[in-house]
Every structure is written in structure tokens, then in C-alpha cells.
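None of the figures in this text is laboratory data; all of them are computed from the coordinates on show. What you see is a predicted model, and the numbers here were worked out from it, not measured in a lab. No Cβ is skipped: glycine too gets one built from the backbone with ideal geometry, and neighbour counts run over all protein chains shown.
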Amino acid sequence: MNHLISIDDLDRAGIERILDRAESFAEVSGRDIKKVPALRGRTIVNLFYEASTRTSSSFELAAKRLSADVVSIRSAGSSVDKGESLRDTVQTLSAYDPAAIVIRSPYAGAAQLVARWTDAAVINAGDGKHEHPTQALLDVFTLRQRLGSLEDLNIWIVGDVLHSRVARSDILAFQRMGASVTVCGPPTLLPRGIEALGCAASPTLDGISEADVIYVLRMQHERMQESFVPSLREYAERYQIGLGRLQPNQLLMHPGPVNRGVELSADAIDSPQALIGQQVKAGVAVRMAVLYELLAGRPAAHMAVAA
Amino acid sequence: MSPNTVVLDRDGMRRTLVRIAHEIVEKNPPGEPGQIAIVGIQRRGAVLARRLHTLTSELIEPTVPLGFVDISFYRDDLRLRDPSNAAPVVHATQLDFPVDGRAIVIVDDVLYTGRTVRAAIDEIFDFGRPARVQLAVLVDRGHRELPIRPDYVGKNLPTAQDQRVNVRVEEIDGFEEVTIGPAAEPRRQAA
Amino acid sequence: MTRTMFQRTDLPQADLLIRAAHVLDPRTDLDEPRDILIRDGHIAELASPGTLTAPQNATTIDATGKHAFPAFVDPHVHLRTPGQEYKENLDTGTAAAAAGGFCAVIAMPNTDPVVDDVSVLRSLVEAAGRQARVPTGFLASITLGLRGQELTEMAALRDAGALGFTDDGKPVTSAGMLRKALQYQRLCGGVIALHEEDPALSGVGVMHEGPVSARLGMAGIPSLSESTMVARDAALALYEDARVHVQHLSCVESVEALAAARAQGARVSGEATPHHLTMTEDMIRTLDSRFKMNPPLRAQSDRRALIDALRSGVIECIATDHAPHARHEKEVPFEQAPMGTTGLETAFPALFTELVMPGELELEVIIERMTAGGALYGLPIPRIAPDEPANLTLIDLGTQFEVGAAGYASRSANCCFHGRTLYGQVELTVAAGRLAFQASALTKQRLGAV
């Protein structure tokens, strides 16, 4: 595997293998010395055109725990802001001979383009509203740790699906692992034709009591201004997941950061049914596994491959 | 193609391990700085370590701690091995006891270039500071590429580079046997 | 009568003997091998192959195994002049036209400055006289600066040579504004061509709204955005008895609206592009910005409707909407890239390979529709018949070539067919009696050629 651009780059066996390896890396994260020398001396560049604390620090830590050298470039204050094109930025970075480039961009297809312009392994940390494959992997990992398998699980993804790359990657990943998925949200925020991805779609929460897992998406305030929903109050009334709506056996997930009181009530966030903390923890181990999968077994351009 | 030659059968393996267990206990009298612990290298070294652990526990009190290390992340040849070809071993590294001040006995099935043992030592040192480290192997086939020497050897087996030593254990392969035969694939960086 | 087509005057009138080409001109019922003698830029004689001898100063071209068609007319190209010559200029744009078998093109006014004023048009006309390799006509804009607020001096622009008017690139959003333009047309004449899009529905869309946009998470442009405007503008045209041409149709709903309006007697014509006729939204799964156009590539059902409408004549002509963009502009994430594809050099090969060869459309229909665009603006139709001005193109239908392997005559390389293997490479084009293009050995890079 050369890059991780989309969840479609991985078949079920590939996902299982990465998650098995993530378990080993979870063990490493439990040690005092949370490092292994696997990627020692390799350079990993994090190119983040979108603000993000969660994902960027997770990738940074993953790279460092594999003993790699990390360069993090955030768009604020960089040459990017001064109008340097994505292509020129990637070409400048090639001077560091990076083994991998992790890219997050507000535009779909950015990771794919970067892969055309570099010999490094490219990891998509979120491209526009298209995909966020490592998030999907850590979501599957979290469920696997908790339930053993996703086979035959009934998973509901609730919220602003239209603008969610997490939803798109999760729909594909959950189904690949044997679960069935229903997306649910205000009709203005459910993409027309989303069923083509294999999931069901519902404009109301009716039937959610049948779900084993409820995956809640962040509801951004901007959507109110753009008239996708008339008001916060109406959204919360119709779609907020609180302990009142949650069955005792249902698990709750969220990609973070949570808008308390909007898509999730405070009591739901803090309940033992919520796996949000485990998701964050899983993030580093899963990203270590992805980096390992792409970079171990990948000689530098100048190295001859031994027999 | 010459067939594999059996150098140790089930009974031979058992007797060899019993002897090694006695040697370990003899060389590490109680009271010497550092109580011993046994650490097996995944995967077959771990199987043998478990057996040595049982055997040594019959000989001394208190029970010797048992641990395992998976050296995948410490190998020196990572760039040459495609991870998608190797299925990861889950829960592979388990060192649930404090390493500081211990006499660690590393256990592996075959000692060859010494690189695997080097990786295992590096990994163990990431967990703490042992008082000393010893090495027990079922077979020493020569061709060292690093200054690594075993403290306990089951059998010395001079081999050619184009040969392969196969250790089979019940827990993984379903039968017990050590054989020597032609190499199955082009030589890679080996143990 | 005011001149409306402009080109270089220094090119000599052709004296050519084309031997044994298979001549196909649906309008003259000709479909057999012929020798064609061109003297002083006119078709002097058509005769059985091998019976004509070349006059002293004429060049002989052996066209055995090749086809001769009336040269094509493209009523919708962007030549990016003035102001964006880094993408294309009058020389390279008309070179691309000639290399695609076209003998005439009509250029859109969404340039910098916009062609909304007689002075801009005059300087363009003058530039065409120095640079255009094939006759080039110009549309002026309907509103000043394409802002949709004030009418241009339509009568003066017609006097200065404008063939018609369009705000192409943008729709005329205000029905009231369009109505005034349609009324004013009674004074000044000229066709009013319309880019049909409702910005309130297209919004920030970058591709067709459907299952592919749902998968890719990119904002979609529903077909409704176009068809509702087609219906509105056709109704206005009927009410004002105006002459209107609907540009780059892309969906079944628009075809239906066009057909319905015509049935009621509206004087509305329509065009479709080679890319809409041969590609669908599935190409965008690659996220390659070569496939980002406005209107966008849509569903298979839309493509089928366009093909049927082309066959039946509801859509009268092919127009490429040739839209060059520089490499650095297109080599960015899909959502950031400008919309448009070049099309002049690949129009015929693409339509021939993807529609004629698989049997979806007859070659005669393609030739008719490729030559009909000028007539919609009052220009004469190219014909292969004695005494006609020589407007013909020689094409090799038998050998395949890789698009873009030998570069492009256009200044820009943003071709949606890039890298494809197509049949029907243009060998020679005579436009308005002048030899405008002849393929050299260098430009004839082919795959598996004999």
C-alpha cells in the first residue's frame, strides 16, 4: 500500500491487519517509554491547511512514538497564506526528503493531488467534506475493542451528514466490517443520493431505538446562518441525543469536538455509554499503525532493495 | 533437493530443555544480585520460554516471572519487509514485571546472525535497566554478524548459508521436531 | 452589409488538388470518392477519382483512404482575448480551430475588459485581421461588464460587427433585464445567446448534484438550475417573438423544455458540447479538475437525452465551449479549479470515436450538426459543391492517436480527453478558401500507425 487517501484503499483484511497492529501500538502507549525505534530517522511532514488540535496532535504524537522526526506546518502564518500554491509547497517540502506527508485540506482531492507530486507516502487527514480515513479506522478500532466485532451491528450516524467527511468514511468502513448503517439528520443536511453508498437514510430519529451504536456528528453554528436548520432549539429538539433518547444498551460515539447541549446533552457525554474518550485514545495507536503500514517495508528512493 | 534431516526429535527437544533449565538455575544461584526472569522472543522463542518457565519453576522458589517480546518494531531491516505480508501477532509484547535489577534470560529457538537478539535487548532496555542479560537458544547455527554469544545452547549445528534450520513446536505447528534442510526462499536478513 | 467575420488577409487563396478523398456532405447528398480541385480558394470541380490533373501552381494531395467533410463551425469558443492571453490568444485559438477541422468560430465576450463597448470590439476586430487563421466572429455582451444591470449599446455593437449578444459565463438572472434585451433585439437584430443557470440553485456547486456528489462530499448543481431558466427564457422569447439560442445544454429536463417551447412556436435554438455528449458525472470520481465544467457533466440519462435530441434535431448544432485555462490554474484541488475544458482539437475525434463508431449516432448527423452552428447566427453553411468557397477538412478515420501526446495547438492543455486514444485525426483544413492547417509528420504522432 502506497498511500491512505480513502477508506476504499483498504479491503476488510487490510483494515483488520492495521487494527491488529494498532493493538500492539496501544501496548507501547501503555509503557513508561512510549517509543519504539521502528521509524527512527525518517521524516514525517504534517501539512495542515485547516485548524485542528485533535487530529494534528494525534498524528504528531503517533510519528514521534515511532521515533520519526516530525515537521508540522499549519496554514496560519505560513507561506501558504502568502499565496504559495499547494504544488509549490509540496515541492519545497520535498527538500526534506519526507518519508510521509500527512495532509489536511478544506478541499476534496487535495491528498490525491499531493500523491501525484511526491515520492513520499501520503496520508489523508481530511480533504474537504470527502473523506477522513484515519478517523474511520479509529472508530472501527474503538468498537472492536468494546464489542469484539462489528458484524451485524446496527449503526446510526446522526447529524449534518451533508458536510461530514467523517460520515462518508465511516459509512464505508462500518459496512466493510459487516455493520449496517443508517444516516439520520434534518432533510436539508442529508445528501441527495447518499443511499448509493449502501446505507439507509432517515429524516427523523424514529427507529433509532433499534440501533446498537449511535454516532453523533458535530452541528456547526454556521449551518444555522445558512438556513440549513432554522434554529438551534429546533435542531436540539428533533435530533439531540440525550439520556432520554438513549437506550441503556446503546453505545455513543462522536468524532469531537463536541458542542455540548447542541448535538449531545451533557449527561450523555459523561455517561459510561459514551466511547468518546476511547476514540481519542485509539487515535494515536491507529495512526501509528497506519504510519507503520505505509513506511515499514518502503525503502528510501536512494536505497537498493536487498535480495 | 535433499530432504530435511532431523537433528532433534520430540524426546531430544524435551531432554535438551530440561538440561538448559538446570543450567540456568545453576548459573543464577539465589542471593546473587538480580532474581531471574525468562523472556521469550515471539513466536517460537516464546513457546520455548513458556516451557523453560515451567521447568525452572519446578526447581526454584519463588516462581520465575515470564515475559514475551515481539521485536517487529525493533528490527534493523524494516525497510525491506512489506508489513502487509506479515500478519501482526496480537498481544505480542508482555513484560508485566519490573525489569530494573533483574537477570533476564532471553529465549529464542535459533541463533543465527544475532540481529534478532540485538533487537530484543534494545526492546527490553526500553522497559528498564536489567542487572544482567543472558541468552538461551535451542539451536546455534553459526554465521554471527554481531558480537552476540549464547549462555545456554541446546545444540550446536554448523550450517551452510543456503541451508535453513526449522524448529517445529506443537503449539504452532502441531508436532515437535528440529530439522535442517535447503533454504525455502532467497536469503533475507535472518535471525 | 456589415462584415461580421474577420481573419488574417495575408494568407493566400488555396490552389489544391485533393485526390481520391471519400467526400461526405449530407447536404449535397455526396457520399463517395472524388477528386476535388480548389482554385483560387473556391471549389472548381468535383470529379471521379483519378480523372483530374493539377494545374501548374497547385499542390496535389493524395487523400486515398481519407474522408473529406465540409469544415466545421463552432458558435461557442472562448479565445481569452483581450486580457487573458496567457490562456489563449487569437492566433493559438484559431490554430486550434483549424487543427480540429473548423473553418469558422464565434468568440464569447467574457474577456477582460468585457466586449461590452464598441472600442473593445473594434480592437478585437483589428487584432483578428492580424492574427486569426480562420474567420472569427464576435458576440458582444448583453449587459455592461456582465453585471446584469444595464444594457450595452446593442445597435452600435451590431454596426461595429457583433454577430449577436451573450453574457455567457453568467446567466442573465433578472427576467426583467432579459426581457428588455429581447425587446431591443427588434431594433438591432443579432442572436441573443443564453447561458442558463439559476445562481440561487447552483450556489457554490462544482459538479452535478447526484450520487457522485453525495459520495465525494462536493456541493452539487441540480439539473433544475438549468432547466427552469431554459423554460423561463423560452417563454420570454415566445412572448416577445425574439430569437434566442440556448447554450451548452446538459440535461434531459432542458431538452424537454426546449422541445416544448419550440412546439409552441418559440424561435429558440440549442447547442450541445462534445463532452456532454460523451461523458458523465462518473468521470469526476477521479477528482481530476479536467472534468470540471459549467454546466457540469451529468448522468447517463442526461447524456442519452442529448444524443437523442441531437439526432432528432431538437438540438441543432455542436458547440465546443472551448475554455482554455493555464496549467497552474487547473492543477489545484477540484473545488478550487476554474471551470472549463478545451475542445476544438478533439471535438470531431471524440464524437466520431465515442458515438459514431459504437453505432449510437450516424456520421452524417455528426457532420450536419458540426456544420450547422454558423447558420444559427446567419452565416452561410459550408458545402462541398462547385463554385462554393472552399471550406473543407480532410480527416483520417482509420488510424488512432493519443490525445495530447504531441502537444496541442491551443496554448492550454486542459483537455478532458487528454490521454485517450481516439480515431479521426484531422489532416488538413481549408477555411474560407485558405489552407489553415496541414498536419506535419511531427504532429502526426500515432499509436500503432502503419
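Please arrange C:Cys103, C:Cys415 by how many other C-beta atoms lie within 10 Å of their C-beta, fewest to most.
The most exposed by this proxy come first: C:Cys415, C:Cys103.
Using a 10 Å cut-off on Cβ to Cβ distances, tally the other chain neighbours for every residue of A:30-41 and report the average as a whole number.
4
Around C:Lys87, what is the net charge, scoring Lys/Arg as +1 and Asp/Glu as -1 over all other residues with Cβ under 9 Å from its Cβ?
-1
For the protein assembly as shown, what class follows from the C-alpha gyration tensor (a ≥ b ≥ c being the square roots of its eigenvalues): rounded when a/c is under 1.5, otherwise prolate if a/b is larger than b/c, else oblate?
prolate
Using amide H atoms built in the peptide plane, which far-off residues or other-chain residues are under 5 Å from B:Ala103 H to H?
B:Gln35, B:Ile36, B:Ala37, B:Ala131, B:Arg132
Using modelled backbone amide H atoms (1.01 Å from N, in-plane), which distant-in-sequence or interchain residues come within less than 5 Å of C:Ser269's amide H?
Answer set, sorted by chain and number: C:Val244, C:His245, C:Val246.
Any idea what the relative contact order of the range A:133-280 is, in percent, if you count C-alpha pairs under 8 Å spaced at least 6 apart?
Values: 254 pairs, mean separation 33.8, N = 148.
Relative CO of the range A:133-280 lands at 23 percent.
Name the lysines eligible as straight-distance cross-link partners of C:Lys66: C-alpha to C-alpha under 28 Å, and not fewer than 8 places from it in the same chain.
C:Lys444
So how strong a dipole does the protein assembly as shown carry about its Cα centre when Lys and Arg Cβ are +1 and Asp and Glu Cβ are -1, to the nearest 20 debye?
Once rounded to the nearest 20, the dipole reads 2140 debye.
Work out from phi, with θ = phi - 60° and the Karplus expression 6.51 cos²θ - 1.76 cosθ + 1.60, the ³J(HN,Hα) of each residue of the range C:416-424, listed in order in whole Hz, and give x for Gly and Pro.
5, 9, 3, x, 6, 9, 10, 10, x
Got a sec? Charge dipole of the range C:71-377, +1 on Cβ for Lys and Arg, -1 for Asp and Glu; which of C:Ser202, C:Val114, C:Met154 is way out at the positive end?
C:Met154
Give me the net charge of C:Thr59's neighbourhood, meaning all other residues with Cβ under 14 Å from the Cβ of C:Thr59; Lys, Arg count +1, Asp, Glu -1.
-2
Provide the net charge surrounding A:Ser67, with neighbours chosen by a C-beta distance below 9 Å and charges set as Lys +1, Arg +1, Asp -1, Glu -1.
Around A:Ser67, the charge tally is +4.
Expressed as an acute angle from 0 to 90° and rounded to the nearest 10, what is the orientation of the C-alpha long axis of helix C:224-240 relative to the principal long axis of chain C?
Compared with the principal axis, the helix lies near 80 degrees.
Kindly provide the chymotrypsin sites (Phe, Trp or Tyr not before Pro) of the range C:342-442 that DSSP labels as loop, not H, G, I, E or B, and whose Cβ sees at most 11 other Cβ atoms within 10 Å.
none
Would you mind working out the magnitude of the charge dipole of the range A:133-280 relative to its Cα centre, with +1 at each Lys and Arg C-beta and -1 at each Asp and Glu C-beta, to the nearest 20 Debye?
280
Structure shown: which of A:Lys129/C:Lys292; A:Lys64/A:Lys281; A:Lys34/A:Lys129 lie over 23 Å apart, alpha-carbon to alpha-carbon?
A:Lys34/A:Lys129
Going by the alpha-carbon gyration tensor, a ≥ b ≥ c the square roots of its eigenvalues, is chain A rounded (a/c under 1.5) or, if a/c is not under 1.5, prolate (a/b greater than b/c) versus oblate? Before the final figure, lay out the partial values.
Working: a/c = 1.97, a/b = 1.51, b/c = 1.30.
Judged from the Cα gyration tensor, chain A comes out prolate (a/c at least 1.5, a/b above b/c).
Between the range C:402-420 and the range B:28-83, how far is it from one alpha carbon centroid to the other, in angstrom?
Distance between centres, Cα-based: 64 Å.
With θ taken as phi - 60° and the coefficients 6.51, -1.76 and 1.60, list the Karplus ³J(HN,Hα) couplings across the range C:138-154 in order, rounded to whole Hz; mark glycine and proline as x.
So the J values, rounded to whole Hz, are 10, 9, 9, 7, 7, 10, 4, x, 6, 7, x, 10, 9, 5, 7, 7, 4.
Given a cut-off of under 8 Å on Cα pairs at least six residues apart, what relative contact order in percent is computed for the range A:194-258?
Relative contact order here is 49 percent.
Quick one: what are the phi-derived ³J(HN,Hα) couplings along the range C:432-438, Karplus 6.51/-1.76/1.60 with θ = phi - 60°, whole Hz, x for glycine and proline?
In residue order, the calculated couplings are 6, x, 10, 6, 9, 7, 9 Hz.
Can you list the residues, at least 5 places off or on another chain, whose amide H is less than 5 Å from the amide H of A:His163, using H built in the peptide plane?
Close amide H contacts, sequence-distant or interchain: none at all.
Assuming 0.36 nm per residue, please report the length gained on full extension of the stretch C:Leu224 to C:Leu151 beyond their Cα-Cα distance.
23.6 nm
Among C:Ile221, C:Ala261, C:His328, which residue has its Cα positioned farthest towards the positive end of the charge dipole of chain C, with +1 placed on the Cβ of Lys and Arg, -1 on the Cβ of Asp and Glu, and the dipole taken about the Cα centre?
With unit charges placed on the Cβ atoms, the residue in question is C:His328.
What's the average, rounded to a whole number, of partner chain beta-carbon atoms within 10 Å of each residue's beta-carbon in C:207-214?
Mean partner-chain Cβ count within 10 Å for C:207-214: 4.
Among rounded, prolate and oblate, which fits the range A:133-280 when a ≥ b ≥ c are the square roots of the eigenvalues of its C-alpha gyration tensor, a/c under 1.5 means rounded, and a/b larger than b/c means prolate?
Values: a/c = 1.58, a/b = 1.22, b/c = 1.29.
Because a/c hits 1.5 or more and a/b fails to exceed b/c, the range A:133-280 counts as oblate.
What aspartates and glutamates sit close enough to A:Lys35 to cross-link, taking a C-alpha to C-alpha distance under 15 Å and skipping anything fewer than 8 places away on the same chain?
Hits, sequence-local ones excluded: A:Glu23, A:Glu27, A:Glu60, A:Asp69, B:Asp70, B:Asp122, B:Glu123, B:Asp126.
Using Cα-Cα distances under 8 Å and only pairs 6 or more residues apart, what relative contact order does the range C:71-377 have, in percent?
The normalised contact order for the range C:71-377 reaches 17 percent.
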